[in-house]
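The structure under discussion appears below in the form of structure tokens.
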Amino acid sequence: MQDIPLFVPREPSILEIEVIPNDADQTFETNLRCSRKHCRTIVSVDSDGPKTTQSVSCPNHGFLVSFPDRRSLGEFIRFSANQILAATGHDLIEDDAGSVFGDHKVQLPHSVN
């Protein structure tokens, strides 16, 4: 059974998750896109660091949603991506998988700071 993410925005339908699996090296690329009025533009995530609010904005529609911190955003993305991957028969993204947000590599949850 899949865990529910720590934080789910009130209007998750304003974000669309695109998942591109790379079976050769067992990785996944995920892109967040604006889904207002079928926009599909890749969104921007602004913050002052991993433990601060993560504000998601579309260049066309402005502010869309915020997450309390980068971990919550990552869990939302993983949960949403896993729904797509499960439907297409791919392996799921594990809860302790590393990730990269833009140019920022995110430490695994079990890593020591």
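Determine ³J(HN,Hα), in whole Hz, for all residues of region 20-34 in sequence, where each value follows from phi through the Karplus function 6.51 cos²θ - 1.76 cosθ + 1.60 and θ = phi - 60°; x replaces Gly and Pro.
Those phi angles translate into 10, x, 10, 5, 4, 10, 6, 10, 9, 9, 10, 10, 8, 10, 6 Hz.
For the peptides 66-72, 37-43, 50-56, what is the packing order when you average, over each peptide's residues, the other Cβ atoms within 10 Å and list the highest mean first?
The most tightly packed comes first, giving 66-72, 50-56, 37-43.
Tell me, what ³J(HN,Hα) does each residue in region 39-45 have, in order and in whole Hz, if you take phi through Karplus 6.51 cos²θ - 1.76 cosθ + 1.60 with θ = phi - 60° and put x for Gly and Pro?
Per residue, the Karplus-derived 3J(HN,Hα) values read 5, 6, 7, 5, 8, 10, 10 Hz.
Using alpha carbons only, how many angstrom separate the centre of region 28-45 from the centre of region 60-80?
A separation of 11 Å, based on Cα centres.
Once the other residues with Cβ under 12 Å from the Cβ of ASN22 are scored (Lys, Arg +1; Asp, Glu -1), what is the net sum?
-4
Read-outs: derived from the displayed coordinates by stated rules, not from any lab. Predicted model, so just to flag it, every value in this text is computed and none were measured. All Cβ positions, even for glycine, are placed from backbone atoms using ideal geometry, and neighbour counts span all protein chains on display.
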